[in-house]
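Asker: Structure incoming, see below.
The values are calculated or read from the model by the stated rules, or taken from the named source; none is laboratory data. Keep in mind that this is a model prediction, so the values were computed, not measured. Here the Cβ is made from the backbone with ideal geometry for all residues, glycine too, and neighbour counts use every protein chain on show. For accessibility, only protein heavy atoms count, side chains too; no ligands or nucleic acids. Shrake-Rupley method; radii C 1.70, N 1.55, O 1.52, S 1.80 Å.
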Amino acid sequence: RCRTGPTSNAPNTRTHTAAVVAAARRLPKLRATRARRERQRAQPPLAGRAHAAVVPAPRLPKLFWRAGKARQYAALKARTDAVFAAAHRLPKLRTTCVRRARQRAQPPLAGGACAAAAAAHATVLAPEALLGTTVLAPEALFAMAPDPREQLRAPAEVPAWLLRTPLLGSLLEHLRRRPTWPGHAAFALAGLSFLLTDMLALRAMASLSCVLAVLFNCWHPVGRALWLPIYWNVVYVLVNIVYIGMLLAENIASLSAEEKVIFREHFDGCMSAKDFGRLVRMGTVEVASERQMLLSRGKKPEHLYLVFQGKPVVEVEDVKIIRGTASGSGLVGEMSFISAGAANATVWIEPGCKYLRWDCKELRRLLERDMELRRGLELAIARELMRKLVW
């Protein structure tokens, strides 16, 4: 101080004093930390995986020191608890494994020897006696256990009175062994149904596919019934049955013998019998009592005719053409009906000819409401025109 002056070292002196005071304040905490770490190092190592958890505390920054210590303590506590719990259960697990292994290895007993053998077996399998026994390896225990696939494929329970039924019993006896062919057949039929164009055949094949799917899911190879696909396949079967009934009702219409002949010769393949019945009931059946003109050339006809008995005479520029067969000539005035124009020929019918007559305006209104009937009539007219060109 004499060499440098009394005031030149005053700041350094204050700094050193403050550092000494701070170190003196931290000294108890440092001693406690060192003592705790020495006690941790002096503790015996833990068994199992908990030994790896005892590591020196990492030197974390001061701000994260408390959080790091809390996480380390929580992990160490969880691992230690798991090791002690496993060690506590180990004797019980050994006892259970040995008892089950000996039970599988023993032959089945008969008669009254079961009670005595059970008492002796209980005495031998006491926990105090089993603590010193040799525990079998897990591989040997798994080898003794039954195959779970064989348990799943075990025959399903079916009432005995159903099995005694002649045909149903044999089918159920086969299905209770859980075969896989109903599932394959169900998917195959569902795929084939998409290739069909006939609606009735498509519905029938789809229904059969759903029935096979129900049988497959009732006796599924997993060992239990899968009720969700069973419910939905039953719904699909009911929907298809309803539509099959509607299609059969359309195809099986109440027609007279004469109407069936007309349908077979002129409209079969163009429309359903139900639509043809509606078309016939809209028209009028008439019989010519004298020579009668149906169409006049150059005039727009008001009616569409179907001659189904007799032969009409067609006049084109003073040329007479007799068209038709023994069953009639078919439609007359179909070109004028399609084009809504005048007739290009004159048509006469002889006495005794029988024909159907439709009013063109009413028929057009009906076809505007029913598109399916319209498509069928247009197809019948096209086929009639092709037949007349062949003539």
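Asker: Could you sort Ser289, Ser296 by their accessible area in this structure, using a 1.4 Å probe and putting the largest first? All intermediate terms of the calculation are to be shown ahead of the outcome.
Answerer: On the way: Ser289 105, Ser296 30 Å².
I get Ser289, Ser296, largest accessible area first.
Asker: I need to check one value: relative contact order of region 179-337, counting alpha carbon pairs closer than 8 Å and at least 6 residues apart, in percent. Walk me through the numbers before you get to the answer.
Answerer: Values: 157 pairs, mean separation 21.9, N = 159.
Relative contact order, region 179-337: 14 percent.
Asker: If ligands, DNA and RNA are left out, what is the accessible area of His88 with a 1.4 Å probe, given in Å² to the nearest 10?
Answerer: In the full protein context, His88 sits at about 150 Å².
Asker: Also, I was wondering about something else. I'd like the accessible area for Cys210, computed on protein heavy atoms only with a 1.4 Å probe and all protein chains in place. Round to 10 Å², please.
Answerer: About 20 Å², rounded to the nearest 10.
Asker: On a C-alpha basis, how far is the centre of region 214-273 from the centre of region 337-384 in Å? Whole number, if you could?
Answerer: 33 Å
Asker: Listed highest first by mean packing, meaning other Cβ atoms within 10 Å per residue, what order do 331-339, 260-268 come in?
Answerer: On the way: 331-339: 19.7, 260-268: 16.7.
In decreasing order of mean packing, 331-339, 260-268 become 331-339, 260-268.
Asker: Determine how large the accessible area of Glu362 is when every protein chain is in place; take a 1.4 Å probe and give Å² rounded to the nearest 10.
Answerer: Glu362 has an accessible surface of roughly 90 Å² with all protein chains in place.
Asker: Rank Ile241, Ile230 by accessible area, highest first, at a 1.4 Å probe radius? Please list the in-between numbers first.
Answerer: Details: Ile241 95, Ile230 10 Å².
So, going from the largest accessible area down, we get Ile241, Ile230.
Asker: Same structure, new question: For the residue pair Asp359 and Thr197, what label-to-label distance in nm results when each label sits 7 Å from Cα along the Cα-to-beta-carbon direction?
Answerer: 3.8 nm
Asker: Roll a 1.4 Å probe over the protein chains and send me the accessible area per residue for region 326-387 in Å². Please list the in-between numbers first.
Answerer: Working: 3110 Å² over 62 residues.
Counting only protein heavy atoms, the per-residue value for region 326-387 is 50 Å².
Asker: Right, here's the next one. Classify region 174-264 as rounded, prolate or oblate from the Cα gyration tensor: take a ≥ b ≥ c as the square roots of its eigenvalues, call it rounded if a/c is under 1.5, otherwise prolate when a/b beats b/c and oblate if not. It would help to have the intermediate numbers written out before the result.
Answerer: Values: a/c = 3.59, a/b = 2.80, b/c = 1.28.
The shape class here is prolate.
Asker: While we're here: Can you tell me the length gained on complete extension of the stretch Leu30 to Met293, counting 0.36 nm per residue apart and subtracting the Cα distance? Could you put the intermediate results ahead of the total?
Answerer: Details: separation 263, 0.36 × 263 = 94.68 nm, distance 13.00 nm.
Result for the pair: 81.7 nm of gain on full extension.
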